[in-house]
Amino acid sequence: MRLKEMDANLIVVLDALLIEASVTKAASRLGRSPSAISHALANLREIFDDELFVRAGQKLVPTPKALDLAPTIHVITSGMESLLRPVKPFDPQTVSRKFVIACRDFYEILFINKMQDILKEKAPGIDLKSRSISAAIAIDELRDGKIDFIITDNQFAQDSRDIIQMPLLKTGIKTLAHPDHALAKKKPTKKQFAKGPHIRMRDSNGITNHFMEQLQAEGLKLEYSSIASTSFSAIVFALNGHGLLSLPEHLADSLTDKMQLTEIPSPIPDFSATIYVAWHRSQERDEAHQWLRKQLLALFVTA
């Protein structure tokens, strides 16, 4: 390929296609017609002697060649944007913006509450909302721009290459109970711990599920006393002495500081799992988005 064959327009189109994985969405992103994007893609295929994208349903899936090109293309377009961007520096104090985070109610307590305090001080014009939706729906809405972040305890599949995911926090599990619970006065054996009884959430947190699965792998079948629809209900059940409640340790620590709950020693003291934050590649260079995710990542020390 000769440099004169590649103009800035084609680089911008390729960047948009890599981000949006759709001719129609790339056209909307760039304010052009789908036919113009299709024509540019045909030129790109000829220049690089590669299909670059193959159709899979309604989406375009990048070829290995396109994935190899992606980091360089993003750097080039970022450089062009920086060149044309006004010199005025980004100031979080003057930003007026709404952001939506998809997460379980566990993480509303753990992360969103802390973020509200940070925003009140550093960026009062940023309105942060949270939604509790399934991971599959969240990814689609992330791609459609309906939400801005996902906080999750699951790693996304490798084919979600338009989604950027980073570790937010490594956490263990702590089990809480009312101070009068029979196991509160001693270190329970594994069998005593399994008998609990335990409080289970209908839409269980993935980390606590992994913890329970590890117990079951050791031949310990957990006994349950209550099924809660939300983490708030589960906490109330524990406060009322209805059983043991296992939670991510950072959340458990915040509860024991404020509520009459005591920690029950775990039979798997070295258990740990990772919580992730994810966003769509199209937001990678947005300055307000960059600032907000930096605040999220700074909330805890990640492992």
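The values are calculated or read from the model by the stated rules, or taken from the named source; none is laboratory data. All values reported here derive from a predicted model rather than from experimental measurement. When we count neighbours, we look across all protein chains shown, and the Cβ atoms used for this are built from the backbone with ideal geometry, even at glycine.
Under 6 Å between Cβ atoms, which residue pairs at least 6 apart in sequence (or on different chains) link something in the range 121-148 that is more than 17 Å from residue 276 (Cβ to Cβ) and modelled with pLDDT of 90 or more with a partner that is surrounded by 13 or more Cβ atoms within 10 Å (Cβ to Cβ) and basic (Lys, Arg)?
Taking only residues 6 or more apart or on different chains, the pairs are 126/97.
Restricting attention to the range 93-122, report how many residues are within 14 Å of residue 248 (Cβ to Cβ) and touching a strand residue (DSSP E or B) at 6+ places or on another chain (Cβ under 9 Å).
So the count comes out to 8.
Exactly one of these conditions fails for residue 78: (1) in contact with a Lys or Arg (Cβ under 6 Å, 6 or more places away or on another chain); (2) in a loop (DSSP other than H, G, I, E, B). Give me its number.
(2)
Which members of the range 284-303 meet the condition of being in contact (Cβ under 8 Å) with a residue 24 or more places away in the chain, surrounded by fewer than 19 Cβ atoms within 10 Å (Cβ to Cβ) and not in a loop (DSSP other than H, G, I, E, B)?
Of everything in the range 284-303, those that are in contact (Cβ under 8 Å) with a residue 24 or more places away in the chain, surrounded by fewer than 19 Cβ atoms within 10 Å (Cβ to Cβ) and not in a loop (DSSP other than H, G, I, E, B) turn out to be 287, 288, 289, 291, 295, 297.
Kindly check whether there is at least one residue in the range 38-53 that is closer than 30 Å to residue 255 by Cβ and among the acidic types (Asp, Glu).
no
I'd like the full set of residues that are under 26 Å from the mean Cα position of the chain (by Cα) and loosely packed, with under 13 Cβ neighbours inside 10 Å, limited to the range 38-65.
56, 57, 58, 64
If we scan the range 240-247, do we find a residue that is more than 23 Å from the chain's Cα centre (by Cα) and either outside the structural domain of residue 183 (by TED's automatic domain parsing) or among the aliphatic types (A, V, I, L, M) (or both)?
Yes, that holds for at least one residue.
Could you tell me whether the range 204-219 includes any residue that is modelled with pLDDT of 85 or more and out of contact with any helix residue (DSSP H, G or I) (no Cβ under 6 Å at 6 or more places or on another chain)?
So far as the range 204-219 goes, no, none of its residues is modelled with pLDDT of 85 or more and out of contact with any helix residue (DSSP H, G or I) (no Cβ under 6 Å at 6 or more places or on another chain).
Quick check: anything in the range 257-267 free of Cβ contacts under 8 Å to residues at least 12 places away in the same chain and in the same structural domain as residue 235 (by TED's automatic domain parsing)?
Yes: one or more hits.
Return the residues of the range 284-303 that are of a type outside the set (Gly, Ala, Ser) and at pLDDT below 85; say none if nothing qualifies.
Selection gives 284, 285, 299, 300, 301, 302.
Among the residues of the range 128-148, is there at least one that is buried (at least 16 other Cβ atoms within 10 Å of the Cβ), of a type in the set (S, T, N, Q) and under 24 Å from residue 255 (Cα atoms)?
Within the range 128-148, one or more residues are buried (at least 16 other Cβ atoms within 10 Å of the Cβ), of a type in the set (S, T, N, Q) and under 24 Å from residue 255 (Cα atoms).
Just for strands (runs of 3 or more DSSP E) wholly inside the range 106-204: which have at least 1 residues that are within 19 Å of residue 288 (Cβ to Cβ) and of a type in the set (Val, Ile, Thr)?
126-131, 149-152, 163-171
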